[in-house]
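*Asks:* Sharing a structure below in C-alpha cells format, with a few things to ask.
The values are calculated or read from the model by the stated rules, or taken from the named source; none is laboratory data. Note that the coordinates shown come from a computational prediction; the quantities given were computed from them, not determined experimentally. Positions of Cβ are backbone-derived with ideal geometry, glycine not excepted, and every protein chain shown enters the neighbour counts.
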Amino acid sequence: MTTEELREKLQSIKPYDRALYQACKSGWDHIAKPLDSMGKFEELLSRISAIQGKVAADLLRAKLLVCCADNGIVEEGVSQSGQEITAICAESIGGGRSSVAIMAKEAGVEVSAIDVGIHADRKLANVCERKVRPGTRNFAKEPAMTQEEMLSAIETGIQLVSESREQGMTILCIGEMGIGNTTTSSAVTAALLGLPVEAVTGRGAGLDDEKLKHKIQVIREAIEKYGLQDAEKDPLDVLRCVGGLDIACMAGICMGGALYHVPIVLDGFISMAAALIACRVQPLIKEYLIPSHCGKEPAMQKIAEELNLSPVIYANMALGEGTGAILMMQLLKTTNAVYEKSVSFEVAGIAQYERYK
C-alpha cells in the first residue's frame, strides 16, 4: 500500500449515523431516572450504538489488541529498561499473566498480544506474529522507519480490525508494550501539536531529573534534525521519522475502526499519540474513538483537548498495555446494563421528565 492509496482509502470514511445516535440518546431520556444523570456515558454509549449501526450498544464481544514493538532510540539512554523487557512482557500478556491480562479476564475481554516489531530472534509464546522489522532504528541517528515499513505497520493495524470484525468482535480496545515508547510518543506529540518538548515529555517508567533532561534533549534535537517544527509538517512523515511500529499499528487500528464501523477504546499516552496521527490524516476518525483515562504523562490532557476526546477516568495511571481501556470497558458494560434493564417512566408509573430548552 502506498501513501496515496492509504489516503484514498481513508477518504471513504463517513460520519456515523446521526439519526441513530439521536434515537439512542432519546432512549436514555425514557428511562425512569433524571435526564442526563449517567453523564458522559449516555453520550458514549449512544455513539457506540451509532457506530455499530444498532439501537443499543453491543459490548458482548470485546477484544484488546496490544501492539508490541521495540524502539531503537533506547540506545540513547532514554529508558530505565533494556529492549529485552519488551519480549518478556509480550509473552506475559499473551500468556494471561500480566496485569492487563488479569484485568481483561475480569472484564470479559479477549486479549491478543501482537508482535509488530519486537527485537527478538525467537518465536514468542502466545504472541501473534506480525513483525514488520525487529524494532525501529535509532531516530537520533536516522529516521525510525522507512516509508514502506511505516505503511506496513499501519496496514497491519487496519487488517487486525477487519479480522476482528470477521471473528464477531463488536468493540476493540488498544494497548501497547515497547520499551522507549514514551520517548517516541513525546516526539510525535511535540511535533504535531507544535509544543515545547519539555511540555509533553514525562518520566516514562521512572527517570530521574538528569535522565529526563537528557530525554528531552534527545527529542528536541531529533525534531530539529528532521525539520519537524515546520507548521505544515505531514503527520505520516512525523511518524516515519520519530515514531514507533507500535504507534503506527495503533494508528492503523484507529483508521480501521472508522473504515469498518468498529468502536475503538483508547488507552493512555501512546495510544492517544497514535490517535492524533490517525485524526490528522483523516479528521473523521475521531468520531469512532472512545477515550478511557488521563494518565500521568503531561501530554495526555493536551492531546485529549486537541481531539476533543474527554477521558472518563482520572486515576494517575501509567501502566499502559491497555489497562485504562479495560477499566473503561468495565464501566461501559456496567452503565450499558442501566440502558438495557431499567424500566421506563411509563412502567414505573412516573410522569415523563421533560427536556426544557
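*Asks:* Among the residues of the range 195-246 satisfying the criterion of being more than 23 Å from the chain's Cα centre (by Cα) and of a type in the set (Asp, Glu), which is surrounded by the fewest Cβ atoms within 10 Å (Cβ to Cβ)?
*Replies:* For the range 195-246, the residue satisfying everything is Glu232.
*Asks:* Only one of these conditions is not met by Ala251: (1) at pLDDT below 95; (2) within 26 Å of Glu232 (Cα to Cα); (3) among the small types (Gly, Ala, Ser). Which number is it?
*Replies:* Failing condition for Ala251: (1).
*Asks:* Would you confirm, using the coordinates I've provided, whether Glu166 is crowded, with 24+ Cβ neighbours inside 10 Å and acidic (Asp, Glu)?
*Replies:* It is false that Glu166 is crowded, with 24+ Cβ neighbours inside 10 Å and acidic (Asp, Glu).
*Asks:* State all residues of the range 99-146 that are under 22 Å from the mean Cα position of the chain (by Cα) and hydroxyl-bearing (Ser, Thr, Tyr); if no residue qualifies, say none.
*Replies:* Hits for the range 99-146 are Ser99, Ser112, Thr136.
*Asks:* Residue under question is Ala113, and the condition is that it be in contact with a Leu (Cβ under 6 Å, 6 or more places away or on another chain) and buried (at least 22 other Cβ atoms within 10 Å of the Cβ); does it hold? Don't jump to the end; show me each part of the working.
*Replies:* Details: in contact with a Leu (Cβ under 6 Å, 6 or more places away or on another chain): no; buried (at least 22 other Cβ atoms within 10 Å of the Cβ): yes.
So Ala113 fails the test.
*Asks:* Please go through the range 23-56 and pick out each residue that is hydrophobic (A, V, I, L, M, F, W, C) and in contact with a strand residue (DSSP E or B) (Cβ under 8 Å, 6 or more places away or on another chain).
*Replies:* Correct list: Ile31, Ala32, Leu44, Ile48.
*Asks:* Quick one: which of Leu64, Leu45 is surrounded by 22 or more Cβ atoms within 10 Å (Cβ to Cβ), part of a helix (DSSP H, G or I) and not hydroxyl-bearing (Ser, Thr, Tyr)?
*Replies:* Answer to the selection: Leu45.
*Asks:* Right, here's the next one. Can you give me the number of residues within the range 194-229 that are within 18 Å of Ser79 (Cα to Cα) and in a loop (DSSP other than H, G, I, E, B)?
*Replies:* 9
*Asks:* Now a separate question. Of all residues being touching a Cys at 6+ places or on another chain (Cβ under 9 Å) and modelled with pLDDT under 95 in the range 266-303, which is surrounded by the most Cβ atoms within 10 Å (Cβ to Cβ)? Just the residue, please.
*Replies:* Looking at the filtered set, the residue picked out is Gly268.
*Asks:* Select from the range 48-61 the residues that are farther than 14 Å from Thr334 by Cα, modelled with pLDDT of 95 or more and either part of a loop (DSSP other than H, G, I, E, B) or touching a Cys at 6+ places or on another chain (Cβ under 8 Å) (or both) and list them in ascending order.
*Replies:* Matches in the range 48-61: Ser49, Ala50, Gly53, Arg61.
*Asks:* Scan the helices (runs of 4 or more DSSP H) fully inside the range 251-357 and keep the ones with 1 or more residues being touching a residue at least 40 places away in the same chain (Cβ under 8 Å) and under 18 Å from Asp58 (Cβ atoms).
*Replies:* 323-341
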